[in-house]
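Taking it in order: structure first as structure tokens, then the write-up.
Here, each number is a calculation from the coordinates, and none is a lab measurement. As the structure is a computational prediction, the values presented were derived from the model and not from experiment. FYI the Cβ positions are ideal-geometry reconstructions off the backbone, even for glycines, and counts take in every protein chain you see.
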Amino acid sequence: MDPGTSKSPDVHLNLNVRGLGVSATLGINERSNTLLSQGHQVYRLGLGQSPFPVPQVVESALQQNAWQKDYLPVMGLSELRQAVSDYLGRNEGVAFTPDNVMVGPGSKELMFILQLVYYGDLVIPTPSWVSYAPQARIVGRQVHWLPTRADNGWKLTPEALDQLCRPDPSRPRLVILNYPANPHGYSYSGDELQALAEVARRYRLILLSDEIYGELDFQATHQSIARYYPEGTIVSTGLSKWCGAGGWRLGVFAFPSGLHWLRDAMATVASETYTSVAAPIQHAAVRAFRGGVELEQYLVCSRRILHALADFQVRTLRDADIELDMPEGAFYLFPDLQPYRNALQNRGIHTNVQLCEALLEETGLATLPGQAFGRPEQELTLRMAYVDFDGARALAAADNYMPETPLDETFLRTYCLNCVTATERMVDWLRAL
Ligand code: GLU
């Protein structure tokens, strides 16, 4: 008999965890790595990891701080909290004092702790990032998926939010809004944010605004909803996406002053679990959040490359009769392959999970099925993370390539070939069904 068990082992697992596999994003990454190590051709559109290197000035700051070895305050290094407060003021025009900022080992962990300490339902639009709902399930919260429409950019509408809240207006709820969004890259205009903020205020909702892709808005026009609902919005961001540092695991939350009770409860859990984020990483993050010319140039080039790539892929998919609006930021596309339903059905493919499996086996494309983002199984949606290219090489080239004009197809075929080929292979495969 194994230790810790008297019968079959999983009888002794917490019910909230039983049956949950590894997160879809990490699962597809491990699977892609295994296939690659076995010599298969894989187009890695599964995990949403930034293709770009950490900016040189930030990497140097990490090297210079490698000697930092002390435990840091649970809430984060004070210089870093100051730098984040300045960053949010400068970029978003929202006032969060350093005291309102909490640093964690990735915004994902902070989201989990928030759900643990806040006793309210989780409200998310479908589709949403793969981990919000499993986190709620693990801590035993109810999840409400709000309906959206593809022809409205899968956006959460004030009407849908109001409809959910009206019958039970004082129920505690945590709403997560993420834009530019994972898994589709669409964003909200100032008017749309304002309309959502009004509903949030009416029902005293806690809004967690996941702005991790904010800096990757192609037009650099991202706005925080904290401008419109400052008293109830927690802003979440970090270094993973705009600073190419997913593996550094550094995320931040900025709280309104009226929600310090939540911040303090989260700090209690943090102090009893991870203690504080790695010291050298926090010191280097100060440099990242201080910004400056090098970082601005890095972001301009990152946006330019991602924008051109999105544009090429959307045009290629549209040429194959797949309706898809141009994303506004991030590095994801979320097409619906409905026009090929009959042909796919003839091949025994009825669900988005089967679709992604067949794509991986027959074309080498690693993608994630719509179901992982809360879409119905029968819908033929999937997420393509267009990140399979050497970001350092592309950035260096984009710096001098045809300034003032969008990057052309020659650039994309030279520096982002796998993403270009992957889209073309998918379209060829669909046409040949
Ligand atoms: N956010 C990224 C994605 O959706 C990966 C990070 C993660 O899921 O932990 O693919």
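Residue by residue through segment 251-276, note down the ones that are in contact with a helix residue (DSSP H, G or I) (Cβ under 6 Å, 6 or more places away or on another chain) and away from the ligand (no atom under 13 Å from the Cβ).
Start the filter on segment 251-276 by keeping residues that are in contact with a helix residue (DSSP H, G or I) (Cβ under 6 Å, 6 or more places away or on another chain), which leaves 251-255, 265-266, 269.
Of everything in segment 251-276, those that are in contact with a helix residue (DSSP H, G or I) (Cβ under 6 Å, 6 or more places away or on another chain) and away from the ligand (no atom under 13 Å from the Cβ) turn out to be VAL252, PHE253, ALA254, PHE255, ALA265, MET266, VAL269.
Suppose we keep only residues that are away from the ligand (no atom under 16 Å from the Cβ) and part of a loop (DSSP other than H, G, I, E, B) within segment 8-22. Which one would you say is nearest to THR421 (Cα to Cα)?
Filtering segment 8-22 for residues that are away from the ligand (no atom under 16 Å from the Cβ) and part of a loop (DSSP other than H, G, I, E, B), the one nearest to THR421 (Cα to Cα) comes out as GLY19.
Only one of ASP408, ASP390 is touching a residue at least 60 places away in the same chain (Cβ under 8 Å) and within 23 Å of VAL42 (Cβ to Cβ). Can you tell me which? Write out each step before concluding.
Numbers: ASP408 fails: within 23 Å of VAL42 (Cβ to Cβ).
Exactly one of ASP408, ASP390 is touching a residue at least 60 places away in the same chain (Cβ under 8 Å) and within 23 Å of VAL42 (Cβ to Cβ), namely ASP390.
Give the residue, chosen from LEU116, LEU80, LEU88, LEU110, that is more than 21 Å from ALA226 (Cα to Cα), touching a residue at least 60 places away in the same chain (Cβ under 8 Å) and of a type in the set (A, V, I, L, M, F, W, C).
LEU116
Give the number of residues within segment 333-346 that are in a strand (DSSP E or B) and surrounded by fewer than 24 Cβ atoms within 10 Å (Cβ to Cβ).
Qualifying residue count, segment 333-346: 1.
Only one residue in ILE305, ILE349 is part of a loop (DSSP other than H, G, I, E, B) and in contact with a Leu (Cβ under 7 Å, 6 or more places away or on another chain), so which one is that?
After ruling out the rest, the residue left standing is ILE349.
Out of the residues in segment 33-64 that are in contact with a strand residue (DSSP E or B) (Cβ under 7 Å, 6 or more places away or on another chain) and closer than 14 Å to GLY364 by Cβ, which is nearest to the ligand (Cβ to nearest atom)?
At the first step, the residues of segment 33-64 found to be in contact with a strand residue (DSSP E or B) (Cβ under 7 Å, 6 or more places away or on another chain) are 42-48.
Those still in the list that are closer than 14 Å to GLY364 by Cβ too: 42-46.
On the way: VAL42: 16, TYR43: 15, ARG44: 11, LEU45: 10, GLY46: 7 Å.
Going through the qualifying residues, I end up with GLY46.
Would you check if ALA220 is of a type in the set (A, V, I, L, M, F, W, C) and under 30 Å from PRO55 (Cα atoms)?
The answer is yes for ALA220.
Kindly provide the set of residues from segment 266-285 that are in contact with a Lys or Arg (Cβ under 8 Å, 6 or more places away or on another chain), assigned to a helix (DSSP H, G or I) and buried (at least 18 other Cβ atoms within 10 Å of the Cβ), ordered by number.
Correct list: ILE281 only.
Here's a check for you: in segment 47-69, which residue that is farther than 16 Å from LYS241 by Cβ and of a type in the set (Gly, Ala, Ser) is surrounded by the most Cβ atoms within 10 Å (Cβ to Cβ)?
ALA61
For GLY364, all conditions in the list (1) without any contact (Cβ under 8 Å) to a residue 12 or more places away in the chain; (2) on the phi > 0 side of the Ramachandran plot hold save one; what is the number of the exception?
It is condition (1) that GLY364 fails.
Being outside any helix (DSSP H, G or I), closer than 21 Å to TRP248 by Cβ and of a type in the set (Val, Ile, Thr) is the filter here; which residues of segment 23-65 pass it?
Across segment 23-65, the qualifying residue is only VAL54.
When residues of segment 181-212 are filtered for being under 17 Å from TYR228 (Cα atoms), within 16 Å of the ligand (Cβ to nearest atom) and in a loop (DSSP other than H, G, I, E, B), how many remain?
Total satisfying the criteria: 1.
Listed residues LEU26, LEU88, LEU36; which is of a type outside the set (D, E, K, R) and in contact with a helix residue (DSSP H, G or I) (Cβ under 9 Å, 6 or more places away or on another chain)?
Working: LEU26 fails: in contact with a helix residue (DSSP H, G or I) (Cβ under 9 Å, 6 or more places away or on another chain); LEU36 fails: in contact with a helix residue (DSSP H, G or I) (Cβ under 9 Å, 6 or more places away or on another chain).
Step by step, each of LEU26, LEU88, LEU36 is checked, and only LEU88 is of a type outside the set (D, E, K, R) and in contact with a helix residue (DSSP H, G or I) (Cβ under 9 Å, 6 or more places away or on another chain).
Taking segment 296-323 as the search range and keeping residues that are surrounded by fewer than 20 Cβ atoms within 10 Å (Cβ to Cβ) and basic (Lys, Arg), which one is nearest to the chain's Cα centre (by Cα)?
ARG303
Taking THR233, is it of a type in the set (S, T, N, Q), more than 17 Å from the chain's Cα centre (by Cα) and surrounded by 23 or more Cβ atoms within 10 Å (Cβ to Cβ)? Steps first, answer last, please.
Numbers: of a type in the set (S, T, N, Q): yes; more than 17 Å from the chain's Cα centre (by Cα): yes; surrounded by 23 or more Cβ atoms within 10 Å (Cβ to Cβ): yes.
When the stated conditions are applied, THR233 passes them.
Filter segment 359-394 down to the residues that are assigned to a loop (DSSP other than H, G, I, E, B), over 18 Å from the mean Cα position of the chain (by Cα) and closer than 19 Å to LYS241 by Cβ and list them by number.
If the condition is that a residue be assigned to a loop (DSSP other than H, G, I, E, B), over 18 Å from the mean Cα position of the chain (by Cα) and closer than 19 Å to LYS241 by Cβ, then PHE389, ASP390 are the ones that fit.
Taking helices (runs of 4 or more DSSP H) that fall entirely within segment 70-139, which contain at least 3 residues that are surrounded by 23 or more Cβ atoms within 10 Å (Cβ to Cβ)?
Passing ranges, in order: 78-92, 107-117.
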